[in-house]
Amino acid sequence: MDFVRSLGHPEEIYNLLRFKMGCRAVLSQQERDSMSNGLQTSYKHLDETFRSFTAIIQALDGELRDAVCILFLVVRAVDTVEDDMTISLETKIPMLRNFHTYLYQADWRFTESKDKHRQVLEDFPTISQEFRKLPAVYQEVIADTCHKMEMCMAEFLEKRMEFLLDWDRYCHYVSVSVMIGVSRLFSAAELEDAPVVEDLRLLNSLGMFMQKANIIRDYLEDQQEGREFWPREVWSKYSKNLSDLAKPENIVPAVQCLNDLVTNALQHIPDFLLYLSRLRNQSEFNFFAVSQLMYFATLATCYNNPQVFKRAVKIRKGQMVTLMMDATNMQAVRAIMYHYVNEIYQKIPVSDPSAERTQNIVSTIQKMCLSDGPVVSRHRFSPIYLPCAALLAVLSWQYLSSL
């Protein structure tokens with residue numbers, strides 16, 4: 001299905017083909033075979049529960065790669081406890097507040113979850129075992145990240161997401177903690193200077209942008225599961241109840257509310273570009289560039305899109321692979337950013353209540369993308385060759401798939 005969705009984007013088909021043929025360095029089968037059984041299982045869980053991040057993490061080097069893998073699995077486990085609405089608050093809140101201690105309990109697991117990612121809770125002994133094998137400096141970072149997340153999650157289970165300040169606080173502790181954790185792991189591995197990777201103001205913007213994009217995109221899934229993360233301060237301007245936004249007769253105010261929240265999230269992008277420009281380690285640059293751009297592409301897809309209230313809206317796999325292939329330097333990042341911010345600009349409705357604010361932040365991002373001169377074209381082919389490239393890619397894909 002992802003391949004079919006990319007047919008109108010030949011450059012994506014080309015990159016999907018390159019990726020399938022192994023032109024992008026990720027964890028090879030030989031490397032997997034050399035790992036312990038527990039670590040192999042951990043990467044299997046990563047593949048199953050963090051599909052958008054798994055290739056980015058696998059492209060990291062050795063010991064650091066394993067530490068980031070375990071960090072993300074622990075994050076997924078905590079997140080799964082929070083998301084599972086079949087777990088009573090009487091069980092869930094104490095579990096969240098103590099979750100970081102389970103990393104040191106060899107036999108702790110939770111087998112009563114009904115969540116789609118429950119395998120990370122059921123097989124938590126494997127994850128915690130690999131955690132305890134990591135160097136102490138990595139363990140400290142992961143446990144501290146887990147502790148900060150769990151306390152905030154437990155707090156918001158007991159109160160509603162009322163104000164934008166609440167939204168910012170939640171996103172800070174849930175996602176910013178992860179961004180800080182990843183940066184601290186890079187610093188511990190001595191791959192980047194601590195003052196660069198531990199700039200808390202800039203990391204705060206990176207984490208908040210990603211979490212806000214997640215929350216915006218997941219409106220329908222959260223509603224179906226009985227969760228609410230959109231701030232009342234915003235949605236109450238457009239609807240009496242948050243759930244009413246999914247009703248067909250409310251699609252106009254629903255999209256206006258969506259655009260309002262997307263505009264709020266976009267304010268964090270300038271800090272991302274500044275942070276990225278300071279990085280010197282290539283693997284760290286790739287990690288942050290691709291992860292942030294994936295969410296930026298997601299918001300560009302969600303902006304002014306009524307489908308957010310009807311189905312799951314995701315970027316194409318071809319888009320994700322293309323970002324991984326291309327986002328390796330600031331010039332390329334600016335070009336990609338410019339492409340998606342223009343996509344948003346072209347969709348701004350004149351009558352939208354937040355149109356002026358959206359235009360202002362979009363203009364700021366555009367100027368930052370052009371600060372070092374005109375951006376380069378993202379397309380590798382002349383337009384006249386694109387149909388031929390697409391046909392060749394389709395035939396090659398079918399051949400490789402048959403093998």
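Quick look at the numbers
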quantity	calculated
Odd one out for PHE272 among (1) at pLDDT 95 or above; (2) surrounded by 23 or more Cβ atoms within 10 Å (Cβ to Cβ)	(1)
Residue that is most open to solvent (accessible area, probe 1.4 Å), among those in the stretch 279-304 that are out of contact with any Leu (no Cβ under 8 Å at 6 or more places or on another chain) and farther than 18 Å from ASP218 by Cβ	ARG280
Selection status of VAL178, in contact with an Asp or Glu (Cβ under 9 Å, 6 or more places away or on another chain) and crowded, with 18+ Cβ neighbours inside 10 Å	no
The stretch 141-159, residues that are under 14 Å from THR101 (Cβ atoms) and among the acidic types (Asp, Glu)	ASP144, GLU150
Residue within the stretch 118-127 that is without any contact (Cβ under 8 Å) to a residue 40 or more places away in the chain and not in a helix (DSSP H, G or I) present	yes
Number of the exception - GLN307 against (1) surrounded by 18 or more Cβ atoms within 10 Å (Cβ to Cβ); (2) assigned to a helix (DSSP H, G or I)	(1)
Selection from the stretch 244-254 of residues that are open to solvent by 20 Å² or more (accessible area, probe 1.4 Å) and assigned to a helix (DSSP H, G or I)	ASP244, ALA246, PRO248, GLU249, ASN250, ILE251, VAL252, PRO253
Top-ranked residue in the stretch 152-170 [being open to solvent by 80 Å² or more (accessible area, probe 1.4 Å) and part of a helix (DSSP H, G or I); ranked as nearest to THR86 (Cα to Cα)]	ARG169
Whichever residue in the stretch 80-118 is aromatic (Phe, Trp, Tyr) and surrounded by 18 or more Cβ atoms within 10 Å (Cβ to Cβ) and, among such residues, is farthest from ASP222 (Cα to Cα)	TYR102
Among the residues listed as ILE70, ILE87, the single one being assigned to a loop (DSSP other than H, G, I, E, B), of a type in the set (Val, Ile, Thr) and under 25 Å from ALA154 (Cα atoms)	ILE87
Residue within the stretch 324-344 that is on the phi > 0 side of the Ramachandran plot and either modelled with pLDDT under 95 or outside any helix (DSSP H, G or I) (or both) present	no
Selection status of GLU343, among the charged types (D, E, K, R) and out of contact with any helix residue (DSSP H, G or I) (no Cβ under 7 Å at 6 or more places or on another chain)	no
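The values are calculated or read from the model by the stated rules, or taken from the named source; none is laboratory data. Since the structure is predicted, the reported quantities are computational estimates derived from the model, not experimental observations. Note that we place each Cβ from the backbone using ideal geometry, even for glycine, and neighbour counts take in every protein chain shown. Please note that ligands, DNA and RNA were not included when accessible areas were found on the heavy atoms of the full protein model with its side chains. Shrake-Rupley method; radii C 1.70, N 1.55, O 1.52, S 1.80 Å.
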